[in-house]
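Q: Take this structure, written in structure tokens, and hold onto it; I'll ask about it next.
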Amino acid sequence: MERQNKHVVDTDRLSDLPDHVLLHIIEFMNIKQSVQTCVLSKRWKNLWKHLTNLKLHHSYPDNSEIFFKFVSQILSGRNDSISLHSLDFEHEDHVDPPKTTLLEVMRYAASSHNMQQLTVYAKVRQISDLELPPSIFYSRSLTYLKLGFWQIYGSNSGKTMFPKSLNLPSLKTLHLWCLTFTTSDDGRAEPFSACNMLDTLVIICCYLQENAQVLCISNSNVSSLTVGSNYVYDEAHNYNVVLCTPKLTSLTASGHPTFEAPSTHGLPFLEEINIDYTFPYRPCEYSIMISWLQLLANVKIMTLHFKTLFQILCILKMGAQPPCFVRLKSLKVELKSNDDISNGKVRKIVKILLRNSPPARVDIIRKG
């Protein structure tokens, strides 16, 4: 009997904790477990409705249809008078999320006061002309935005348009996947110039409206930039990228080389660069890689994936001279764990690349 009484007392102590403490506890649970706490007692019945951070993730083999209904129930059941700080929706399955679910998530986020972080990412087989709610691009509180609709088969038949400009004065981090940039009458897209707080920008496999030719990344504050395309050549990604980012310190380029390296004159603070380009399929891509070699000559920290390093070796064998990496302090070469080449052979290739340069630290990293 004493043990039973002690158990009751302990339970009451937990239930008597203030709401903010109980909410802090259920924040560590996944969203399904958080909602299930409503059956513990009347004290817990509505607590989950006050959550300020929602993480709605789904992956195969869980049932997608059940997940979509669950998402709708969460959003409709939550207490809208409580500010929502972050909403993280991710879906990966062979079943495409319906546009109604994606729009419901984005509209709910846009209507929430003081929303700071929003992620909407889905892998889809095909998505037909999804119209992003304009309201998510007009937020004074949003600091982090990640939008992506990764089309598994690489088709851009269903375009998801990204607006011509943004009104997100607090935005610091922006990740974009498989979106189509709206272009101006001059055939250029320049969507980021008004984001004065933007520090980190990631653009992967994005397109230009009506096959325009220039994406201008113009921003006076961006310090970290990643630009990536498909690893298989896609004509739709074959546009030029112009950088007007005077505070850029870190640049990552991946996929298939489609544009020449930017001029170093406009990047006075660039110190770190990471290149993961595939082997070129077209002769013009050799000239692209030569332009990147010139850019590499001015950095302090360089990471090259082995395919890129091998590609550079081919260029050097054609008669090109390796630049003098006068500022280089560290070179990292990344390989897959199953790449059939010894570290010794990799170092021989690195030696050819650095033959005109002062000594630098070289690390070979094998990733699983």
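The values are calculated or read from the model by the stated rules, or taken from the named source; none is laboratory data. Quick caveat, the model's predicted, so the values are computed rather than measured. Cβ placement follows ideal geometry from the backbone for every residue including glycine, while neighbour counts extend to all protein chains displayed. With ligands, DNA and RNA removed, areas are computed over all heavy atoms of the protein, side chains included. Shrake-Rupley method; radii C 1.70, N 1.55, O 1.52, S 1.80 Å.
Per-residue answers, yes or no, for (1) among the hydroxyl-bearing types (Ser, Thr, Tyr); (2) modelled with pLDDT under 80:
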{"site": "Ser220", "(1), (2)": "yes, no"}
{"site": "Ser223", "(1), (2)": "yes, no"}
{"site": "Gly228", "(1), (2)": "no, no"}
{"site": "Ala261", "(1), (2)": "no, yes"}
{"site": "Pro268", "(1), (2)": "no, no"}
{"site": "Leu296", "(1), (2)": "no, no"}
{"site": "Thr303", "(1), (2)": "yes, no"}
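Q: Before we move on, is Pro163 closer than 21 Å to Ala189 by Cβ and loosely packed, with under 13 Cβ neighbours inside 10 Å?
A: No, not satisfied.
Q: Working carefully through the options Phe149, Phe67, Phe89, find the one that is more than 29 Å from Thr200 (Cβ to Cβ) and in contact with a strand residue (DSSP E or B) (Cβ under 6 Å, 6 or more places away or on another chain).
A: Result of the check over Phe149, Phe67, Phe89: Phe67.
Q: State the number of residues belonging to region 192-206 that are open to solvent by 20 Å² or more (accessible area, probe 1.4 Å) and not aliphatic (A, V, I, L, M).
A: Residues in region 192-206 being open to solvent by 20 Å² or more (accessible area, probe 1.4 Å) and not aliphatic (A, V, I, L, M): 4 in total.
Q: With a cut-off of at least 3 residues that are open to solvent by 50 Å² or more (accessible area, probe 1.4 Å), name the strands (runs of 3 or more DSSP E) lying wholly within region 42-132.
A: 53-59
Q: With region 279-368 as the region, which strands (runs of 3 or more DSSP E) entirely inside it contain at least 2 residues that are of a type outside the set (Gly, Ala, Ser) and open to solvent by 60 Å² or more (accessible area, probe 1.4 Å)?
A: Where strands (runs of 3 or more DSSP E) fall fully within region 279-368 and carry at least 2 residues being of a type outside the set (Gly, Ala, Ser) and open to solvent by 60 Å² or more (accessible area, probe 1.4 Å), they are 330-336, 361-367.
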